[in-house]
Amino acid sequence: MSEPFLIGDSMTGGYGNGPDILHDCTIAVNKGEIAVIVGPNGAGKSTGMKAVFGMLNLNKGSVRLDGEDITALSPQDRVVKGMGFVPQTSNIFTSMTVEENLEMGAFIRRDDYKDTMTQIYDLFPILKEKRYQAAGELSGGQRQQVAVGRALMTQPKVLMLDEPTAGVSPIVMDELFDRIIEVARTGIPILMVEQNARQALEIADKGYVLVQGANAFTGTGKELLADPEVRKSFLGG
Amino acid sequence: MIDFLNAFVALSNFVLIPAISYGAQLALGALGVTLIYGILRFSNFAHGDTMAFGAMCTILVTWLFQSWGISFGPLPTALLAMPFGILATMGLVLFTDRYVYKFYREQKAKPVILVIVSLGVMFILNGLVRFIIGPNDQRFSDGERFIISVREFKALSGLKEGLAFKTTQGITIVTAVIVVIALFWFLNRTRTGKSMRAYSDNEDLALLSGINPERVVMVTWLIVAALATIAGTLYGLDKSFKPFIFLQLLLPVFAAAIVGGLGSPLGAIAGGFTIAFSEVMITYAWKKVATYVVPESWAPDTLVQLLSTDYKFAVSFVILIIVLLFRPTGLFAGKSV
Amino acid sequence: MSDSVRNTMYFAGVALLIIITGFVQSWNTALFILNFGLISAIMALGVNLQWGFAGLFNVGIMGFVALGGLATVLVSMPATPGAWQAGGASVIGALVLGAATVVAAVILMTKMKASKLRSFSVFGVLVVGFFVYRGLFDPAVGLIEEIDPAATGYLGGLGLPVLLAWPAGGLLAAAVAWLIGKTALGLRSDYLAIATLGISEIIIAVMKNEDWLGRGVKNVVGLPRPAPYEVDLQSNAAFIERANGLGFDAVTASTLWVKLIYAGLFTVVLVILFVMAQRALHSPWGRMMRAIRDNEFAAEAMGKNVTARHLQIFVLGSAVCGVAGAMMTTLDGQLTPGTYQPLRFTFLIWVMVIVGGSGNNLGSVLGGFLIWWLWVMVEPMGSVLMNFVTYGMADGYWLKDHLLESVAHMRLLTMGLVLLLVLRFSPRGLIPEK
């Protein structure tokens, strides 16, 4: 098997000097794929993603992007390298307009980003409609679209979403998943953490089930959905 | 009808014009406080003395120009000297940031520690200003004293009441308008300005977006230095320059920033005028205006003054408390970190 | 080196500084520093209660100190003849009415539902109340202030022994602190700081302008003293004899003796307050306070009433400052509202607490003495320094004159520098909290 586009390889580590939360955990995503991380509460799903993004101290293991070792880089430097990250909470500038949010997403770009903004407005038409409105005034689902749009403004080579559907209604959730699939169709690999394991695995090319900071099951989304043991323990039978 | 005109002129002369120019000075001061709060997240007690320092530098350069015989025609020479005062103050705040505040920022110290640190800076600046220019009143305004004086106005209008419009008041208002427009243009239209707002709004996400915090902080200090110098110089021109006054000015300036909503520039301006108008209106003796408006038999025999002028500071303070109790985030919903 | 050895050395060091001052300058100066050092130590104890124990950021200390001073006048001065008959009752009545108006407005505000009617009635109550208050208050004040304005023109006091003014000063400060705490303590730390700063300015403004209360800027002089007068001692044969026996002339001996008496009285108060503060710190109550300070949310979650505890300690700390204020005015022998300045009476005390060690009572006392000594001695030391710096310059050279003249302003500079250096390199102070 060839090297995946982005891989957090056998990561072990925790926050600051605290105890290890991840134990030999591997998360990867290939070009043109959607990879999801699922697992019970407190399994270290978000922690795993944050480790890939450089917000954790790794004692062992490495993170490689497109074959390059980026383990030592800060999150900011990883953004420059082409990683887009959407945090779970506080992921937009509430007092700024939608358009300004997108502009801030493109802050590190020195070239003309108008085309990228047009693409994002095509992907999320509602944002174009509300472009001059303060982002804080939007609904939960719209805010998440702003957040994803902001991360896409850097034209990332890989997009990471931390529980994008947390706290939104099921209908909005379906719509958000549709949008995420659309983003993936533009060729950007997506790595995301999800609470709603079943729906997430349905759209996933690859799934990681984490338990207590370690890989419990790994496979394609369909394999995991079909795996009786995964069904029993995480998907409610 | 003439009576109403007279009443309006008296009102303008004693209430509207003084309150507008004072409000503009407070607003500029409060903008500085609110920007520091929004970006560096602490209440800067040294701000009053930063204003004093900026005004002092401007005064020193003004004196130098005056000794060289440079003047600005009918306008005060201080306007020419102000850019130099601003530069000196920028140097000062960058120095204090580099050698004082930066350490605590890196430690992620609690805001209250930064407030105490700013007390130390306040002490030093206060001492420095007194050390250099002395504790006394300094006059430095020159040029025309009035845009329109009482005598001219009476001759012009034929009214019984006079209206004086001091040059310094006119300059204060015009300068404040220009500065505020420039500031808002900067904050809302430029990349750096927007990055400042983004940083103030959501620090973590700003970092994630590649905004350099040290650059944002530096730009903020530079703007604050300019605002403080302008506010201090205008206040000094309009009233008088005395180092001690600026410590007392801290209270209405803070009140303005909080009433408007700490962290909100628009709020700082609204707060400045709210405080200024309340102070002037509550401590003004309304007898003069009232005698024109009400029938003669009702004319008041007292001064119709709600509070003696000595309680000016109390007014700003009472408004502050009322706002804090009923709308803790201020009129324009500031931050509550 | 154990803590107690280190602390003893610190205090011995400060004592040595004061003694050296006595030898180099004069014993009068040394005792002056000692007396004000004692008072400063008490103020620092009060601030340490609020900041060190509970993390309350009060920058209105000046106001409470001034209230203590006012209490001294109200307790110890004789009542002005005829003043109470002239307008005393009306003034008190007007004040009660004013308070009743505010209370009525607050009750309306809380009891009525939010509506136009409520705004209207609250506003109406306030306006009507205000004008009735002014109608009653102004003429009465006029009458009082007319009585021999050159000497009195105020209500005067109760004519009680001046020592009673010290606890009274504490009570007055505590009462005002309770009012302030009720309104301002729910606020965030920055807001509390600005609120207290404002209130202290208002207290000073009231004391400067309400002549009927404490003569305003006309000052009240000749306050009764708990110690004998120097002139009396100098005409006392027995005293002169004893002084001569010790090798002093009568004038020097009398000033020193009076200062020593004050020092004795102040020491008693300091020791009492210190012991109380220590016991409070090590009591369950003190531990709870520190728990609240360190994690307000956790303490609240554990069912501690944080606001009530904060109010308690805010009132206590302010009362201590009030006591110190009353003692200071007694030592001065006069009340001069114009001399209260926040740099000297609020921020300097903060320097004392932080340099000494916030959260540690012993540290606050040490800081009180040390910083007060520095505050007094910066000027002479600065003048020596400036004389040295300007030694090479010609007499009459502008820079030389300017530098020599500016020595007086080195105090603030030095205090700021000391504060910043301690915060940076020894943020827990000389004697850190255990």
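The numbers here are math on the coordinates, done by the rules we state, and not lab data. This is a predicted model, so every value here is computed, not measured. Neighbour counts are summed over all protein chains in view; Cβ atoms, including those assigned to glycine, are modelled from backbone coordinates with ideal geometry.
Annotation: peptides B:163-175, C:190-202, C:419-431, ranked by per-residue average of other Cβ atoms within 10 Å with the highest first, follow the order C:190-202, B:163-175, C:419-431.
Mean residue ellipticity at 222 nm from the helices of chain C, using -39,500 (n - 2.57) per DSSP H segment of n ≥ 4 over the full residue count, to the nearest 500 deg cm²/dmol?
On the way: 18 runs with 312 residues, N = 434.
My calculation for chain C gives -24000 deg cm²/dmol from helical runs alone.
Paramagnetic label reach from residue B:189 (point 7 Å along Cα→Cβ; backbone nitrogen cut-off under 19 Å): within segment B:201-227, residues B:223. Each of residue A:57 and residue A:10 was given a label point 7 Å from its Cα along the Cα-to-Cβ line. The distance between the two points is 2.2 nm. Per residue, chain B reaches -23500 deg cm²/dmol at 222 nm when only DSSP H runs of four or more residues are counted, each adding -39500 (n - 2.57).
Determine the shape class of chain C: with a ≥ b ≥ c the square roots of the Cα gyration tensor eigenvalues, call it rounded for a/c under 1.5, and otherwise prolate if a/b is greater than b/c, oblate otherwise. Here chain C falls in the oblate category. For the protein assembly as shown, the antiparallel share of DSSP beta bridges with both residues in that region comes to about 65%. Report the residues of segment B:118-150 in range of a label on residue B:63: point 7 Å along Cα→C-beta, backbone N strictly under 19 Å from it. Zone members listed by number: B:125-143.
For chain B, what relative contact order do you get, as a whole percent, if you take Cα pairs closer than 8 Å and at least 6 residues apart?
Over chain B, the number comes to 32 percent.
With the simple spin-label model, which puts each label point 7 Å out from Cα in the Cβ direction, the residue B:110 to residue B:305 separation comes to 4.4 nm. Shielding value for A:88-100 is 4, the average number of Cβ atoms from other chains within 10 Å of each residue's Cβ.
Just to verify a number: FRET efficiency for residue C:334 and residue B:94, C-beta to C-beta distance, R0 = 45 Å, to 0.05?
On the way: r = 46 Å, r/R0 = 1.02.
So the FRET efficiency works out to roughly 0.45.
Counts of other chain beta carbons within 10 angstrom of each beta carbon in peptide C:402-410 average 4. Measuring r between the beta carbons of residue C:146 and residue C:252 and using R0 = 41 Å, the FRET efficiency lands at 0.40.
Could you check how many percent of all C-alpha pairs in the protein assembly as shown are farther apart than 43 Å? Across the protein assembly as shown, Cα pairs with separations above 43 Å total 48 percent.
In this simple spin-label model, placing a label point 7 Å from the Cα along the Cα-to-Cβ direction at both residue C:28 and residue A:3 gives a separation of 8.6 nm.
If neighbour count is taken as other Cβ atoms inside 10 Å, put B:235, A:113, C:229, B:101 in order from fewest to most. Display every interim value, and only then the final one.
Working: B:235 26, A:113 19, C:229 12, B:101 23.
Placing the least packed residue first, the sequence is C:229, A:113, B:101, B:235.
Quick one: of the DSSP bridges fully inside chain A, what percent are antiparallel, nearest 5? Write out the running numbers ahead of the final one.
On the way: 20 of 36 bridges.
Antiparallel: roughly 55 percent of the beta bridges in chain A.
Counting Cβ atoms of other protein chains within 10 Å of each Cβ in B:191-198 and taking the mean gives 4.
Calculate, for residue B:204 and residue A:68, the FRET efficiency according to 1/(1 + (r/R0)^6) with r their C-beta to C-beta distance and R0 25 Å; round to the nearest 0.05. Mind showing how you got there, number by number?
On the way: r = 25 Å, r/R0 = 1.02.
That pair, residue B:204 with residue A:68, gives E of 0.45.
Could you state the angle between the C-alpha long axis of helix C:165-184 and the longest principal axis of the C-alpha atoms of chain C, as a value from 0 to 90 degrees rounded to the nearest 10? In chain C, helix C:165-184 runs at an angle near 50 degrees to the longest axis.
Highest mean first, how do C:110-116, A:33-39 rank when packing is the count of other Cβ atoms within 10 Å averaged over residues?
Details: C:110-116: 8.4, A:33-39: 25.0.
In decreasing order of mean packing, C:110-116, A:33-39 become A:33-39, C:110-116.
Taking the highest mean first, how do the peptides C:171-184, B:121-134 order by number of other beta carbon atoms within 10 angstrom per residue?
On the way: C:171-184: 20.4, B:121-134: 23.1.
Descending packing order for the listed peptides: B:121-134, C:171-184.
Does segment B:169-280 classify as rounded, prolate or oblate by the C-alpha gyration tensor (a ≥ b ≥ c root eigenvalues; a/c under 1.5 gives rounded; else a/b over b/c gives prolate, otherwise oblate)? Kindly include the intermediate steps, with their values, before the conclusion.
Values: a/c = 2.06, a/b = 1.91, b/c = 1.08.
Prolate, since a/c reaches 1.5 and a/b exceeds b/c.
Extension gain for residue C:5 to residue C:221 (0.36 nm times residue separation, less C-alpha to C-alpha distance): 73.3 nm.
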